[in-house]
Amino acid sequence: PMILYTVRLAVRFVGYLKYAIACACPAKGQPVRRGFEGMDVTKATNAMNKLRSLLDDQAFPTLEYWVDPTRVSHNQQKKEVKTACLIHAHLLYIFKNHSYDELDFRAVSVILSSQVFLTINNRFSNEIYDDLQDKAADASQPPPSIQIAQTEIFDIIQMHRYNILKFTRKNHLEADDAMEAVVRIACGTGTRAQSTEVSAAARHWQSISHPTCYGRFVPDTEDEQLRDGSYRVPKAHQTYDQWMLQVTTKAVGIEVNIQLSDFTLQNHKMKLLDNAIMQHADFALVRNTALSDANDVACAEVMHTTFRYWWRLIGRRHDVQSWAADARNYQACT
C-alpha cells in the first residue's frame, strides 16, 4: 500500500509541476499567470524530471512485475484478479500527465491494456461506501477498491482517447504492437511486451472504415466486409429491423474498441458477470464451491434470447443461464 500511495503522490506532484511550469512559461505573446512570476522554472523542471525518472525507472517495472502472469499459476491468477485490477489502475495512473508528444509504444500499450483489463475485471459502481453511515457495512471488510477515484480513471481514459487515436494513425507499427499487447493482457497469454505462445505472423490493425465505427480496431485477418465497414450499408428494400439484425450479428473474431474500452473475442464482449446473478440464491452453490476464490468472475455472452441469457465464465469451465419468469397464463387454457 505504501508503494502505491507513493506512486499516486508522485504522479500528482508531476501534474502540478507541469501545470506550474506552463503557467510560468506561457506561449509567445501570453502573460505569465499571476502568482507564478517569481517561480524558479529550472528548479521546478529538474524536480519534475527527477520524479518522472523515478516513476519510469523504478515504480513502473515494479508494478509490471507484480502483474506478470508468467510468475504464478493460472489458478493463482484467478485468485488475484482484485490485486491485478489495483495494479493495472496504478499502471494507467502513471501515464496520467503524458501529452501526445510523450506517447510511445510503452505508454499507449499500458493505457489501452490497463483500461481494457479494468473494463473486463473491475466492477465499477456509483455506490458510495461509508462504514459510518451504512449500519449494515462491516468496517473490517470494505468492498474491493482500486484506491483511485473511478471518475479520475474515466477522466484519464477520456483525456488520452483522442491522442491515442491520433498516435495509431501516424505510427502503424507501434500501434499494431500495442493492440497485440491488449490481446495478451485481456486473454492472459503473455505480458504486455511478450507473448507466452508460439510466435505467429504479424497482423496489421486498423479502425473499421465507417464513420460510426471509428476507434473499433480489428486485425487484417478479419473479414474484408467488416474491415471496410461495408457490412453496415443497408441493402435494397431492407427494413430497419433487418438492417439492425445484420449489423449486430456480424461475426467478429477479435476487436479492440478504444471508444468504449471493450474487448471482443469470437463475437462476444468480455465483462464481469452481472451482480444480480452473483447474489442470486440459485447461484450460491457454484459461488461457494467453484468460485470460492473470487469476488467477481469474467464472462462472455454466448446467446441472448427473449427469455434467456446465457453466459460462459472465462477460465472456469462453467456456463450460466438465467431465465425470465414465464408470464403465460396457463389457467386460461384449462
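Going by what's in this entry, would residue 186 be described as modelled with pLDDT under 90 and part of a helix (DSSP H, G or I)?
Details: modelled with pLDDT under 90: yes; part of a helix (DSSP H, G or I): yes.
Against the criterion (modelled with pLDDT under 90 and part of a helix (DSSP H, G or I)), residue 186 qualifies.
Here is a check on your reading of the model: is residue 37 under 26 Å from residue 91 (Cβ atoms) and charged (D, E, K, R)? First the steps, then the outcome.
Numbers: under 26 Å from residue 91 (Cβ atoms): no; charged (D, E, K, R): yes.
No, not satisfied.
Of the numbered conditions (1) closer than 23 Å to residue 94 by Cα; (2) open to solvent by 50 Å² or more (accessible area, probe 1.4 Å), residue 21 satisfies every one except a single condition; which is it?
(2)
Tell me which of these residue 35 doesn't satisfy, since it passes every other one: (1) of a type in the set (Gly, Ala, Ser); (2) under 27 Å from residue 158 (Cα atoms); (3) over 25 Å from the mean Cα position of the chain (by Cα).
Exception for residue 35: condition (2).
Look through the stretch 24-69, keep the residues that are of a type in the set (D, E, K, R) and closer than 28 Å to residue 82 by Cβ, and return whichever of them is most open to solvent (accessible area, probe 1.4 Å).
Looking at residues that are of a type in the set (D, E, K, R) and closer than 28 Å to residue 82 by Cβ, I get 57.
If you take the residues of the stretch 193-247 that are under 22 Å from the mean Cα position of the chain (by Cα) and of a type in the set (Val, Ile, Thr), which of them is modelled with the lowest pLDDT?
Residue satisfying both the conditions and the ranking: 196.
For residue 234, only one of the following conditions fails: (1) open to solvent by 60 Å² or more (accessible area, probe 1.4 Å); (2) touching a Ser or Thr at 6+ places or on another chain (Cβ under 7 Å). What is its number?
The failed condition is (2).
Being more than 17 Å from residue 203 (Cβ to Cβ) and either open to solvent by less than 80 Å² (accessible area, probe 1.4 Å) or touching a Pro at 6+ places or on another chain (Cβ under 9 Å) (or both) is the filter here, so list the residues in the stretch 150-187 that pass it.
Scanning the stretch 150-187 gives 150, 152, 153, 156, 157, 160, 161, 163, 164, 165, 166, 167.
Check off (1) closer than 19 Å to residue 98 by Cβ; (2) among the small types (Gly, Ala, Ser); (3) assigned to a loop (DSSP other than H, G, I, E, B) for residue 27 and give me the number that stays unchecked.
Every condition holds for residue 27 apart from (1).
Please find, within the stretch 293-313, the residue that is least open to solvent (accessible area, probe 1.4 Å) out of those that are modelled with pLDDT of 75 or more and assigned to a loop (DSSP other than H, G, I, E, B).
Across the stretch 293-313, the extreme among qualifying residues is 297.
State whether the residues of the stretch 73-80 include one that is at pLDDT 95 or above, in a helix (DSSP H, G or I), open to solvent by less than 80 Å² (accessible area, probe 1.4 Å) and closer than 27 Å to residue 184 by Cα.
Looking through the stretch 73-80, none of the residues is at pLDDT 95 or above, in a helix (DSSP H, G or I), open to solvent by less than 80 Å² (accessible area, probe 1.4 Å) and closer than 27 Å to residue 184 by Cα.
The values are calculated or read from the model by the stated rules, or taken from the named source; none is laboratory data. Keep in mind that this is a model prediction, so the values were computed, not measured. A quick note on method: Cβ atoms are made from the backbone with ideal geometry, for glycine too, and the neighbour counts reach across all protein chains shown. The area values use the complete protein model at the heavy-atom level, side chains included, leaving out ligands, DNA and RNA. Shrake-Rupley method; radii C 1.70, N 1.55, O 1.52, S 1.80 Å.
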